[in-house]
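One structure is given here, and the rest of the page talks about it.
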Amino acid sequence: MRTARPLAATAVTAGAAGAALLFAATPAGAADNATVSILHGVPGVTVDVYANGEELLPDFAPGTLTEPLSLPAGDYDLAIYPAGADPSSTEPAANAEDVAVPAGANATVVAHLTADGTPVLTPFVNDVSTVPAGQARVTVRHAAAAPAVDVRADGAVVAPGLTNPNEASLVVPAGTVSADVTLSGTDTVAIGPADLPLPEGADTIVYAWGDGEAGYQLAVQTIGGMHSSPSGVPGGSAGLADDGGVPVPVIVLSTLGLGAAAVGARRLATSRV
């Protein structure tokens, strides 16, 4: 098991969905490209997103995961506004200057809540290195307003004590498992169980997001193309799987237990858009 830190974390005071601003701006002098996907994991907030003063994505809704986007590396000035607001007469709900997009990286920018319910922006670097034939990589990321959790596959803990905004990653045989999320150190199921397929030669990334008020959900992103030779070797059933190399839609699962037990979760009455 490998636990990795996010590449960076840029906090915003409201509406962390400003991460979506990254995808179309082109700063002067940018030479290399990065691949970026954006996940909106702040419940109840729909926003218009801007970069360098230009609208890039109107009506960006919670639960939205974009397709992978190629963009020049560089620094971006970001701002978000309540959906439909006129930027010429409205103060931004949140902004972030000089947000760095690294050259050559494959990244997912996640707008989500901290454990205590504050909106933040966290870019994660996706591991696209080769996996052995017949194997798959699975990555789990804690992006919910909730305390530490354990992630289980077929009842066995594979990511213990995972805290927001951290991730854990491992390589397993390709296949399908029954996955769920429990409160750390307990058998109290918070999300799931649900069958989760892991395709051979892909990284399946699972995000837990949301809060106790709106409910907790899972989003699943699949990045393919990491086969080693020979590819297509049948895998076992011990992996955590989906077909293809682009993100799949958000999966909404049951949210038992976590809302009542999440000490840090609270209503964002003033900090949201």
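Of a type in the set (Gly, Ala, Ser), more than 16 Å from the chain's Cα centre (by Cα) and modelled with pLDDT of 90 or more: does that describe GLY53? When the stated conditions are applied, GLY53 does not pass them.
May I ask you to verify whether ALA14 is modelled with pLDDT under 50 and either in a loop (DSSP other than H, G, I, E, B) or not assigned by TED's automatic domain parsing to the domain that holds LEU113 (or both)? In short, yes. Listed by position, the strands (runs of 3 or more DSSP E) enclosed by the stretch 101-203 that each have at least 2 residues that are small (Gly, Ala, Ser) and not assigned by TED's automatic domain parsing to the domain that holds PRO68 are 135-144, 156-162, 167-173, 175-183, 189-198. Taking the stretch 17-50 as the region of interest, how many residues are among the small types (Gly, Ala, Ser) and either at pLDDT 80 or above or in a strand (DSSP E or B) (or both)? Residues meeting the conditions: 4. In the stretch 102-113, the residues that are on the phi > 0 side of the Ramachandran plot reach residues that are small (Gly, Ala, Ser) with C-beta atoms within less than 8 angstrom, at least six apart or across chains, in these pairs: GLY104/ALA34; GLY104/ALA73. When the stretch 39-78 is filtered for residues that are in contact with a Leu (Cβ under 7 Å, 6 or more places away or on another chain) and either of a type in the set (Lys, Arg) or farther than 22 Å from ALA214 by Cβ (or both), the ones remaining, listed by number, are TYR50, ALA51, LEU56, LEU71, TYR76, LEU78. Scan the stretch 123-146 and tell me whether some residue there is farther than 20 Å from LEU218 by Cα and modelled with pLDDT under 85. No, there is no match, as no residue in the stretch 123-146 is farther than 20 Å from LEU218 by Cα and modelled with pLDDT under 85. From the list PRO102, PRO72, PRO87, the lone residue that is at pLDDT below 80 and surrounded by fewer than 19 Cβ atoms within 10 Å (Cβ to Cβ) is PRO102.
The values are calculated or read from the model by the stated rules, or taken from the named source; none is laboratory data. Source: prediction; values computed, not measured. Virtual Cβ from ideal backbone geometry, glycine too; neighbours counted across all protein chains shown.
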